[in-house]
1. Scan segment 1-15 and report the pairs whose first residue is within 30 Å of GLN101 (Cβ to Cβ) and open to solvent by less than 50 Å² (accessible area, probe 1.4 Å) and whose second residue is aromatic (Phe, Trp, Tyr) and part of a strand (DSSP E or B), with Cβ atoms within less than 7 Å and a gap of 6+ or a chain change.
2. Give segment 21-44 a look and list any residue that's crowded, with 19+ Cβ neighbours inside 10 Å and either under 10 Å from the mean Cα position of the chain (by Cα) or part of a strand (DSSP E or B) (or both), or say none.
3. Can you find a residue that is in contact with a Pro (Cβ under 7 Å, 6 or more places away or on another chain) and open to solvent by 70 Å² or more (accessible area, probe 1.4 Å) anywhere in segment 92-114?
4. Could you please let me know if MET47 is open to solvent by 20 Å² or more (accessible area, probe 1.4 Å), over 14 Å from GLY9 (Cα atoms), modelled with pLDDT of 95 or more and assigned to a strand (DSSP E or B)?
5. Got a sec? Which of ALA60, ALA54 is in contact with a strand residue (DSSP E or B) (Cβ under 8 Å, 6 or more places away or on another chain) and aliphatic (A, V, I, L, M)?
6. Can you give me the number of residues within segment 58-91 that are farther than 19 Å from PHE29 by Cβ, open to solvent by 10 Å² or more (accessible area, probe 1.4 Å) and not in a strand (DSSP E or B)?
7. Looking at the structure I just gave you, is GLN101 part of a strand (DSSP E or B) and of a type in the set (S, T, N, Q)?
8. Every residue in segment 83-114 that is closer than 12 Å to GLY16 by Cβ and touching a Lys or Arg at 6+ places or on another chain (Cβ under 7 Å), please.
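The values are calculated or read from the model by the stated rules, or taken from the named source; none is laboratory data. Because the structure is predicted, anything quoted here is derived from the model rather than measured. Glycine also receives a Cβ, built like all others from the backbone with ideal geometry; neighbour counts cover every protein chain displayed. Quick note on the areas: whole protein, heavy atoms, side chains included, nothing else; ligands and nucleic acids left out. Shrake-Rupley method; radii C 1.70, N 1.55, O 1.52, S 1.80 Å.
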Amino acid sequence: QVQLVESGGGLVQVGGSLRLSCAASGFIFSISNMGWYRQAPGKQRDMVATITSAGNTNYADSVKGRFTISRDNAKSTVYLQMNSLKPEDTAVYYCVALWRQGYWGQGTQVTVSS
């Protein structure tokens with residue numbers, strides 16, 4: 001079955017960096033669009049970044065210039081490099097396979113302390 005396993009979250013100070021990873025299995029990763037979403041307490045889940053199978057990317061305005069999404073098809077892994085982190089980036093970050101009905105990982109917590 002489809003599995004998405006996120007890693008790399010944690011506690012970081014304002015201005016710091018983290019890199020999230022999402023290891024995928026159970027489907028043909030190379031032909032699937034992938035994405036990262038996040039959900040802060042009491043808020044809806046919002047798109048952070050997406051990447052197509054061809055490598056085209058899209059970002060939420062709030063993270064443009066600070067976050068970079070990338071993929072390694074040989075490793076069936078998608079990454080989210082997060083730089084210049086702000087307290088408002090604190091959330092649970094979810095990896096999603098934008099394929100068929102969509103598949104979600106379990107999420108990884110990112111906390112940015114001021």
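1. VAL2/TYR103; LEU4/TYR103; LEU4/TRP104; GLU6/TYR93; GLY9/TYR93
2. CYS22, ALA24, MET34, GLY35, TRP36, TYR37, ARG38
3. yes
4. yes
5. Step by step, each of ALA60, ALA54 is checked, and only ALA60 is in contact with a strand residue (DSSP E or B) (Cβ under 8 Å, 6 or more places away or on another chain) and aliphatic (A, V, I, L, M).
6. Total satisfying the criteria: 12.
7. Values: part of a strand (DSSP E or B): no; of a type in the set (S, T, N, Q): yes.
So GLN101 fails the test.
8. ASN83, SER84, VAL112
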